[in-house]
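Take a look at the structure below.
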Amino acid sequence: MSYIKIRICPDGLIYAETKGIKGKKCSDYEKVIEQLTGAKVIEKEFTEEFYQEEYAEEILEERIN
């Protein structure tokens, strides 16, 4: 299951994190996050999922079907 977790702090800072989205595909959601929050992304940190192969899951899914 993939999702976007958004945290808005009392001081106005907004933190967003994608989960379950492997590879560089998570960067596609940057505009969605900006639209939802009305803010601009100014800093990025990448999790382990960013460095994982996004096609590996698709291949496994094809074999199961």
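The values are calculated or read from the model by the stated rules, or taken from the named source; none is laboratory data. The shown structure was predicted, so the numbers you read here are calculated from the model rather than taken from an experiment. With ideal geometry, Cβ positions are generated from the backbone for all residues, glycine too; neighbour counts draw on all protein chains shown. Surface accessibility is based on the protein's heavy atoms, side chains included, excluding ligands, DNA and RNA. Shrake-Rupley method; radii C 1.70, N 1.55, O 1.52, S 1.80 Å.
For the stretch 13-27, enumerate the residues that are open to solvent by 80 Å² or more (accessible area, probe 1.4 Å) and modelled with pLDDT of 85 or more.
Passing the criteria: Leu13, Tyr15.
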#### Entry: One residue from Glu30, Glu53, Glu17 being over 9 Å from the mean Cα position of the chain (by Cα) and free of Cβ contacts under 8 Å to residues at least 40 places away in the same chain
Glu53
### Per-region count, the stretch 1-38, residues over 17 Å from Glu49 (Cα atoms), assigned to a strand (DSSP E or B) and not basic (Lys, Arg)
4
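For the structure I just gave you, tell me whether Lys44 is modelled with pLDDT of 85 or more and under 9 Å from the mean Cα position of the chain (by Cα).
On the way: modelled with pLDDT of 85 or more: yes; under 9 Å from the mean Cα position of the chain (by Cα): no.
The answer is no for Lys44.
Quick check, is Val32 open to solvent by 50 Å² or more (accessible area, probe 1.4 Å) and in contact with a helix residue (DSSP H, G or I) (Cβ under 8 Å, 6 or more places away or on another chain)?
Working: open to solvent by 50 Å² or more (accessible area, probe 1.4 Å): yes; in contact with a helix residue (DSSP H, G or I) (Cβ under 8 Å, 6 or more places away or on another chain): no.
For Val32, the condition - open to solvent by 50 Å² or more (accessible area, probe 1.4 Å) and in contact with a helix residue (DSSP H, G or I) (Cβ under 8 Å, 6 or more places away or on another chain) - is not met.
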### Task
Would you be able to tell me the number of residues in the stretch 33-46 that are in contact (Cβ under 8 Å) with a residue 24 or more places away in the chain and among the small types (Gly, Ala, Ser)?
1
### Query
Can you pull out the residues in the stretch 35-45 that are open to solvent by 90 Å² or more (accessible area, probe 1.4 Å) and in contact with an Asp or Glu (Cβ under 7 Å, 6 or more places away or on another chain)?
Lys40
